[in-house]
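Everything below concerns the one structure shown next.
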Amino acid sequence: MAEIHDLTALEQYRLLQRGELGVLELTEHYLERITRLNPSLGAFYTVSAEAARARAAEVEASVPRTAPLWGLPFADKDLTRRAGVRTTFGSRLFAEFEPEQSDEIALQLDAAGGVSLGKTATPEFGLPSYTETLVAPPARNPYDTTRGSGGSSGGAAVAVAAGLLPFAPGSDGGGSIRIPAAACGLVGLKPSRGLVPAGSGLDALAGLPVAGPIARTVGDAALLLDGMIARRGERILHHHTVRAPSDDDGLFLGAALRGEGRFQIGLTTGSPWETAYEIVLGAEAAEALAVARDTLVSLGHGMEEFALEPAPDYAWAFRVIWQVGAGGIPVEEGDEHLLEPLTRWLVHRGRSIPAVELARALATLSAYERSIIRQFEGYDAVLMPALAMTPRPLGWFDAHDGERNFAQQVQYTPYTSFANVSGLPAITVPVHRTAEGLPMGAQLVGRPGGEATLLAIARQLERRLGWGSVHPPQW
């Protein structure tokens, strides 16, 4: 007989709506799994069990059942402030910090009827693409606990993959949703810049980080995405005059469930990092890409391989933005010993960069955005690798040399950051398993505002490949 966590988030939602499952009952099911399994996985930094039980009662008593996530458990990434709940930002600098106010994305998920169970693991200030910190144990990949989960939404991915949550919100400034989703055999969607009002990227340096969902199925990812978007009727409540282009014909869940359409798809293994770093596509990643390519062709989609134009200044410009962003971390000189070596390196570099260099880097990335949109405009979506390698062993990234560490991250994840720079939507989907049973994903990148197309293509892959029945040993 199936257990509750065997059901998709959408199936759980339907049971809640029919009254066949109680909100507190569902909350307790996941709290029990977290208590039992989290110590060996490191998915959660903080579990707020009593607050979750109180919230479950509140949802049942006073939140309209029409709320898009009514009664469904989730957890906040530990970069998100939630009033009264410890928020470490993955750093010893904030090891005991309890904010007095909640961030907007937390409030939006509450308004959508969700029940937060705590805080999922993230690396220090969300900067690295792996989730190993000095503030807590590492987030371990459920498929092989000697390996990492990717980052920076690593704890969220571990929790979903191991059945500790039905789905989880994440944030993505250079691949931070897609990397852990690919490493843990999940669906991870980075929306277009400007789509999710509470995590639009429009108020961030270079517009890089946006909020998006991590889930086991394409439908569940769309369900959570809809819940993350504040709407009044069918109108998205944008905060800025600039917003993501949209061909909106309703909720994204509809496109994900229908999975309809025949599309023209480009294929490339190019990376804007390859002019500055040696980028090697590993055999396992190439096999996953081939599975996705062949499956899409068999489904009747057009497929054309093309090469990215060289981007000689991309690596320099992105590094400048990453370093300047870290330079704004609120740390005084006497507390720098609490930061990890990579973060200290980024902070020092960022605070030494002159304004004229920052301005030139921003202009370079803006020009790259226009270039990549032009290069992709002939396709409905572009198929690319999700990662260049299998999930990395714990301790693989250099813990002391910031320069070498940054290079390792680029070589592991050379295909994700350009979507943040260009503001394009991108989704990673699980398509392959290695001989050792490790999940490998592929990535689809869409046109501006092209989430519905990405979800439709991803759903077609999901139906054909049937990855939803594969789970890690903890399941």
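The values are calculated or read from the model by the stated rules, or taken from the named source; none is laboratory data. Computed from a prediction, not measured in an experiment: that's the story for all the values here. Here the Cβ positions follow ideal geometry from the backbone for every residue, glycine too, while neighbour counts run over all protein chains shown. These area figures cover heavy atoms from the full protein model, side chains too; ligands, DNA and RNA do not enter into them. Shrake-Rupley method; radii C 1.70, N 1.55, O 1.52, S 1.80 Å.
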What Rg and what Dmax come out for the chain when only alpha-carbon atoms are used, in angstroms? 20.5, 63
Pull out the extension gain between ARG14 and PHE97, defined as 0.36 nm times the separation in residues minus the alpha carbon to alpha carbon distance; nm, one decimal. 26.2 nm
Lys, Arg +1 and Asp, Glu -1 on Cβ, resulting dipole of the chain about Cα centre, debye, nearest 20: 520 debye
At q = 0.16, 0.22, 0.26 Å⁻¹, what is the base-10 log of I(q)/I(0) for segment 1-75 according to the Debye formula with one equal point scatterer per Cα and no solvent? Please give it to two decimals. -0.59, -1.04, -1.31
Going by average Cβ neighbours within 10 Å, how do the peptides 29-35, 277-283, 181-187, 192-198 rank, with the highest at the top? 181-187, 192-198, 29-35, 277-283
Segment 298-337 versus segment 100-144: alpha-carbon centroid distance in Å: 21 Å
Taking the Cα-to-Cβ direction at THR146 and at ALA67 and moving 7 Å from each Cα, how far apart do the two end points lie in nm? 4.5 nm
Tell me, how many Å apart are the Cα centres for segment 147-183 and for segment 362-414? 17 Å
Alpha carbons only, please: Rg and Dmax for segment 51-200, in angstrom. 14.9, 44
Could you estimate the translational diffusion coefficient of segment 69-109 from the Stokes-Einstein equation, with Rh from the Kirkwood formula over C-alpha pairs, at 20 °C and 1.002 mPa s, in whole µm²/s? 199 µm²/s
Hull surface over four for the Cα convex hull of segment 257-348, reported in nm², is 10.0 nm²
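Taking the solvent-accessible surface of protein heavy atoms with a 1.4 Å probe, what is the per residue accessible area of segment 323-475 in Å²? Provide the component values of the computation, followed by the final result.
On the way: 5720 Å² over 153 residues.
On a per-residue basis, 37 Å².
Percent of accessible area on the chain owned by carbon and sulfur, 1.4 Å probe? Please list the in-between numbers first.
Numbers: 9020 of 17510 Å².
Carbon and sulfur together cover 52 percent of it.
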Report the per residue volume, in Å³, of the convex hull enclosing the C-alpha atoms of segment 206-299. 170 Å³
Enter the mean projected area of the convex hull around the alpha-carbon atoms of segment 80-145, in nm², rounded to one decimal. 5.4 nm²
Taking only C-alpha positions in segment 1-133, Rg and Dmax in angstrom work out to 15.1, 46
Per DSSP H run of at least 4 residues, take -39500 (n - 2.57); add these up for the chain, divide by its residues and hand me the 222 nm value, nearest 500 deg cm²/dmol. -11500 deg cm²/dmol
So who's got an amide H within less than 5 Å of the one on ALA230, skipping anything under 5 residues away but keeping other chains? H placed 1.01 Å off N, in plane. ALA198, LEU237
Once you charge only the Cβ atoms, +1 for Lys and Arg and -1 for Asp and Glu, what is the size of the charge dipole of segment 331-468 about its Cα centre, to the nearest 20 debye? 680 debye
Once the piece of chain linking PHE306 and GLU260 is laid out straight, how much longer is it, given 0.36 nm per residue of separation minus the C-alpha distance between them? 14.0 nm
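Can you give me the accessible area per residue for segment 41-190, using a 1.4 Å probe, in Å²? Don't skip to the end; give the middle numbers.
Details: 4030 Å² over 150 residues.
Per-residue value: 27 Å².
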Based on the Kirkwood radius over alpha-carbon pairs, what value in µm²/s does the Stokes-Einstein equation return for the translational diffusion coefficient of segment 332-475 at 20 °C and 1.002 mPa s? 117 µm²/s
Below 8 Å between Cα atoms, with a sequence gap of 6+, how large is the relative contact order for segment 368-450 in percent? 39 percent
Just how far, in whole angstrom, is segment 83-97 from segment 266-295 if you go by their alpha carbon centroids? 37 Å
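On full extension of the chain, what length is gained from THR295 through ARG235, given 0.36 nm per residue of separation minus the C-alpha to C-alpha distance? Don't skip to the end; give the middle numbers.
Numbers: separation 60, 0.36 × 60 = 21.60 nm, distance 3.57 nm.
Contour length minus the Cα-Cα distance gives 18.0 nm.
I'd like the per residue volume of the convex hull spanned by the Cα atoms of segment 371-446, given in cubic angstrom.
On the way: hull volume 7.7 nm³, N = 76.
Considering the Cα atoms of segment 371-446, their hull volume per residue is 101 Å³.
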According to a simple spin-label model (label point 7 Å from Cα along Cα-to-Cβ), what is the distance in nm between ALA2 and VAL280? 4.3 nm
Once amide hydrogens are built 1.01 Å from N within the peptide plane, the residues lying 5 or more places from SER91 or on another chain with amide H under 5 Å from its amide H are PHE125
Note: probe point = Cα of LEU205 + 7 Å toward Cβ; backbone nitrogen < 14 Å; residues of segment 326-341 passing the test are 326-331
Directionally averaged shadow of segment 149-238, computed from the convex hull of its alpha-carbon atoms, nm²: 5.4 nm²
